[in-house]
Amino acid sequence: MKSSVVIIVVFIAATLFGMLLIFQSDESSEAEGKKLNASSLESVLSVSQEAALHRKSTSEVRAPSFTLKAMDGNTYTIGETNEKPIVLQFWASWCEACSIEAPTLQKLHGRFQDKIDFYGVNLSSEEKQADQISDFIQKNGWKFTNLLDANKRASYLYELHALPTTFIIDTDGKVLDTFHLIDPMEFESKLNMLSEGR
């Protein structure tokens with residue numbers, strides 16, 4: 001009888017301790033950055049493309065802030081105010097759609113790098129081998145900074161559901177647009193309007 005009571009007490013204590021750890025984990029994640037408000041993002045998507053990219057005030061959706069290490073070993077923070085707008089694309093080397101859009105991203109970076117900052121975010125926790133990341137970047141001639149989302153923190157904050165997913169963020173850290181794989185001409189048109197609207 002006493003052993004049953006001890007087992008129950010230990011079980012309850014372990015459960016309470018586990019719940020405390022989960023609660024503390026949630027609190028610490030809130031300090032780094034708040035998760036993207038998906039319902040507010042719908043208002044961004046419902047605004048016409050031209051209006052969204054020409055008027056910064058159209059979006060009140062703040063890009064979640066996160067800090068990740070890049071392939072070059074430096075640490076970068078995204079989601080704060082910046083000198084230039086940002087194109088932020090989540091990708092993985094095994095993603096066929098990412099491979100299809102990679103040449104477009106390389107071309108657009110070459111054309112707009114003076115007016116727009118480009119960042120890739122690789123889901124490194126889902127890569128089979130680390131060298132696949134650098135092989136993909138080299139194969140596609142990417143010269144922009146690529147960050148490693150080793151613990152899926154950034155993809156969680158940005159409500160990531162598909163690859164590639166691209167976010168266009170203004171200099172105030174607001175999300176102006178988001179999309180998955182799109183026509184290269186449409187992608188270029190979005191960046192043309194963004195660069196002209198600055």
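Among the residues making up the range 124-147, those that are open to solvent by less than 50 Å² (accessible area, probe 1.4 Å) and modelled with pLDDT of 95 or more are Ile133, Ser134, Phe136, Ile137, Asn140, Gly141, Trp142, Phe144, Thr145, Asn146, Leu147. For the range 144-198, a tally of residues being under 15 Å from the mean Cα position of the chain (by Cα) and in a helix (DSSP H, G or I) returns 5.
Annotation for the range 109-120: at least one member residue is more than 17 Å from Met193 (Cα to Cα) and either touching a strand residue (DSSP E or B) at 6+ places or on another chain (Cβ under 8 Å) or modelled with pLDDT under 95 (or both). Restricting the range 99-112 to residues that are open to solvent by 50 Å² or more (accessible area, probe 1.4 Å) and charged (D, E, K, R), the residue that is nearest to Gly141 (Cα to Cα) is Lys107. On inspection, Glu96 passes the criterion of being over 17 Å from Leu147 (Cβ atoms) and open to solvent by 10 Å² or more (accessible area, probe 1.4 Å). The single condition among (1) over 20 Å from Phe66 (Cβ atoms); (2) touching a Pro at 6+ places or on another chain (Cβ under 8 Å) that Leu176 does not meet is (1). Within the range 55-74, if we keep just the residues that are under 16 Å from Asp177 (Cα atoms) and over 17 Å from the mean Cα position of the chain (by Cα), the residue that is modelled with the highest pLDDT turns out to be Glu60.
The values are calculated or read from the model by the stated rules, or taken from the named source; none is laboratory data. Predicted model only: the values in this text are computed from it and were never measured. Backbone-built Cβ (ideal geometry, glycine too); neighbour counts: all protein chains shown. Keep in mind that these areas ignore ligands, DNA and RNA; they rest on the heavy atoms of the full protein, side chains included. Shrake-Rupley method; radii C 1.70, N 1.55, O 1.52, S 1.80 Å.
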